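Chemist: Following this message is one structure expressed as structure tokens.
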Amino acid sequence: TLRKPISQSSMADWASKNLNMHTQGIFRRRISISNMLSWNGGSIKKPMLITSNRTIKKEACEMFKLVQSYMGDRQTRMDRNHVALVTVTKCWSMQGLRDELYIQLIRQTTDNTCYRSLAWGWELMAISLAFFSPSPKFQSYLEGYIYRHLDSDENIAQRIKELVDLKNKKITKSRKKRKQNTEDEGLPISTYAKYCYRKLQKVAVTGGKKGLRKPTVEEITHARNAIVTPSLFGSSLEEIMLRQQDMYPGNKLPWVQTQLSQQVLALGGEQTEGIFRIPGDIDEVNALKLQVDQWRIPSSLSDPNIPASLLKLWYRELEEPVIPQQFYKECISNYENPDAAVAVVQLLPELNRLVLCYLIHFLQIFAQPSNVGRTKMDVNNLAMVMAPNCLRCQSDDPRVIFENTRKEMSFLRMLIVHLDTSFIKGLV
């Protein structure tokens, strides 16, 4: 369900307060907000957003050239992958540049008469959202901009035609060269917008790429491919099953779930102290995530905490939790009643029921007394670390969240102790 974004007037108000107004000509006349937020073929002398940071001021102008290079509006010797890598790495390393990049992309994708350039601008926005979120202060503005492009393909085509017709009256050779690109075909802009909208909702919560290792070309390529090929992470269970249909048509469960679970056991996870509680190295987890999204499990894994951390991340990032939202109240109402808790599981949609039962069966292995002695992770600890990955409280009230957290843990504990999952053995 899409939230109603901020109004056009609120966006204009935000822009008037936060844009670093540019000037032009010998009399240094101020450029209007609409011109400040329209495609520009030249360079900029100062950042788009107000800032007192000298480094940001310098880097912002250089970044604008990179944005133009990626969109094909400025010549460069670098290939587009490398341009994207340099741009994303700058912003990933320097938080103050992130909003500046997003406002530059908003500018360069507004009143842009070249469809190919326009599509590449949206593509760079989609790639960037895979690595970092805008600041909370800027999020609503970016969300409002993206929202207005969810069903705008006809409007965009009409707008490009109008702008081209206008420029044709006083066209120059350089403009003519650019005009010839207006017919280039690509993905509809609404496809990019829909992807960016979903990605923005997620990255605003998760915070983007973590760890110490800088972004890589492989991650850039993966982020671009995810626009048309849904990732195994952050998608719905139905999308994941649909995606694996060609490779594993007979599977009843998500390949990513079973493979990561088996890896944890294969590496002796049930004998590893603090399993699921002690996080794996974040850079190693990121590297494994990249491999798994390409249907590969590397043979070089040695630490069970790596697949264990990624498995928790997969459950946590599902678009809808394993236990869908409409069953949440029933779960926390029956957190002390074993029979009622088990009965809730039987009410779940078939795919969710199988995925949850597989998880509970997996956790029941770790809950065996012989393993608890080694892992120091008894049924209470297992329920504590896994409950937030299965149930999501929608309240913003800290007291409600605190109270429900205890009930979520107790509910999952009931399932680990009382749910019969024997039928899962051998199921893939």
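This table checks each residue for (1) touching a Leu at 6+ places or on another chain (Cβ under 8 Å); (2) open to solvent by 50 Å² or more (accessible area, probe 1.4 Å).
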| position | (1), (2) |
| --- | --- |
| Y328 | yes, no |
| L354 | yes, no |
| S370 | no, yes |
| T375 | no, no |
| N380 | no, yes |
| D396 | no, yes |
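Chemist: I've got another one for you. Scan the stretch 397-419 and tell me whether some residue there is among the basic types (K, R) and in a loop (DSSP other than H, G, I, E, B).
Modeler: No.
Chemist: Also: Just need a number here: residues in the stretch 296-324 that are part of a loop (DSSP other than H, G, I, E, B) and either closer than 17 Å to K199 by Cα or not hydrophobic (A, V, I, L, M, F, W, C) (or both).
Modeler: 12
Chemist: What's the number of the condition V417 fails, among (1) open to solvent by less than 40 Å² (accessible area, probe 1.4 Å); (2) hydrophobic (A, V, I, L, M, F, W, C); (3) in contact (Cβ under 8 Å) with a residue 40 or more places away in the chain; (4) under 22 Å from Q271 (Cα atoms)?
Modeler: For V417, the exception is condition (1).
Chemist: Which of the residues belonging to the stretch 210-223 are among the charged types (D, E, K, R) and either exposed (fewer than 12 other Cβ atoms within 10 Å of the Cβ) or in the same structural domain as A287 (by the TED database) (or both)?
Modeler: K210
Chemist: In the stretch 268-288, how many are within 27 Å of I220 (Cα to Cα) and out of contact with any helix residue (DSSP H, G or I) (no Cβ under 6 Å at 6 or more places or on another chain)?
Modeler: Total meeting the criteria: 5.
Chemist: Let me ask something additional. Check off (1) assigned to a helix (DSSP H, G or I); (2) modelled with pLDDT under 85; (3) open to solvent by less than 30 Å² (accessible area, probe 1.4 Å) for T182 and give me the number that stays unchecked.
Modeler: (1)
Listed here are the residues, each with its yes/no results for (1) within 32 Å of the chain's Cα centre (by Cα); (2) modelled with pLDDT under 95.
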residue: N334; (1), (2): no, yes
residue: H361; (1), (2): yes, no
residue: L382; (1), (2): yes, no
residue: P388; (1), (2): yes, yes
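Chemist: Now for a separate question. Just one of (1) modelled with pLDDT under 95; (2) out of contact with any Ser or Thr (no Cβ under 7 Å at 6 or more places or on another chain) trips up N371, so point out which.
Modeler: Against the list (1) modelled with pLDDT under 95; (2) out of contact with any Ser or Thr (no Cβ under 7 Å at 6 or more places or on another chain), N371 comes up short only on (1).
Chemist: Hey, another quick one. Do we have any residue at all in the stretch 108-118 that's more than 12 Å from D73 (Cβ to Cβ), open to solvent by 10 Å² or more (accessible area, probe 1.4 Å) and at pLDDT 95 or above?
Modeler: No - not one qualifying residue is present in the stretch 108-118.
Chemist: Let me ask something additional. Tell me, please, whether a residue that is part of a helix (DSSP H, G or I), closer than 12 Å to Y335 by Cα and among the polar types (S, T, N, Q) can be found in the stretch 370-393.
Modeler: No, the stretch 370-393 has no match at all.
Chemist: Looking at the structure I just gave you, is I6 at pLDDT below 85, in contact with a Ser or Thr (Cβ under 6 Å, 6 or more places away or on another chain) and in a loop (DSSP other than H, G, I, E, B)?
Modeler: The answer is yes for I6.
Chemist: If R28 meets every condition in (1) open to solvent by 20 Å² or more (accessible area, probe 1.4 Å); (2) over 21 Å from G144 (Cβ atoms); (3) modelled with pLDDT of 85 or more apart from one, which number is that one?
Modeler: It fails just one condition, (3).
Chemist: Please tell me if T76 is surrounded by fewer than 23 Cβ atoms within 10 Å (Cβ to Cβ), in the same structural domain as F131 (by the TED database), of a type in the set (S, T, N, Q) and outside any helix (DSSP H, G or I).
Modeler: yes
Chemist: What are the residues in the stretch 47-75 that are under 30 Å from the mean Cα position of the chain (by Cα) and of a type in the set (K, R), if any?
Modeler: K57, K58, K65, R74
Chemist: Filter the stretch 224-259 for residues that are of a type in the set (D, E, K, R), part of a helix (DSSP H, G or I) and in contact (Cβ under 8 Å) with a residue 40 or more places away in the chain; which is surrounded by the most Cβ atoms within 10 Å (Cβ to Cβ)?
Modeler: Within the stretch 224-259, the match that is surrounded by the most Cβ atoms within 10 Å (Cβ to Cβ) is R224.
Chemist: Would you mind stating whether S69 is assigned by the TED database to the domain that holds R198, open to solvent by 10 Å² or more (accessible area, probe 1.4 Å) and in a helix (DSSP H, G or I)?
Modeler: The answer is yes for S69.
Chemist: Moving on to the next point. Step by step: first the residues of the stretch 290-308, then only those that are closer than 23 Å to L351 by Cα and not aromatic (F, W, Y), then the one that is most open to solvent (accessible area, probe 1.4 Å). Which residue is that?
Modeler: Q294
The values are calculated or read from the model by the stated rules, or taken from the named source; none is laboratory data. Keep in mind it's a predicted model, so treat the numbers as computed, not measured. In this analysis, Cβ positions are derived from the backbone assuming ideal geometry, glycine residues included, and neighbour counts consider all displayed protein chains. The accessibility values were calculated without ligands, DNA or RNA, using every heavy atom of the protein model including side chains. Shrake-Rupley method; radii C 1.70, N 1.55, O 1.52, S 1.80 Å.
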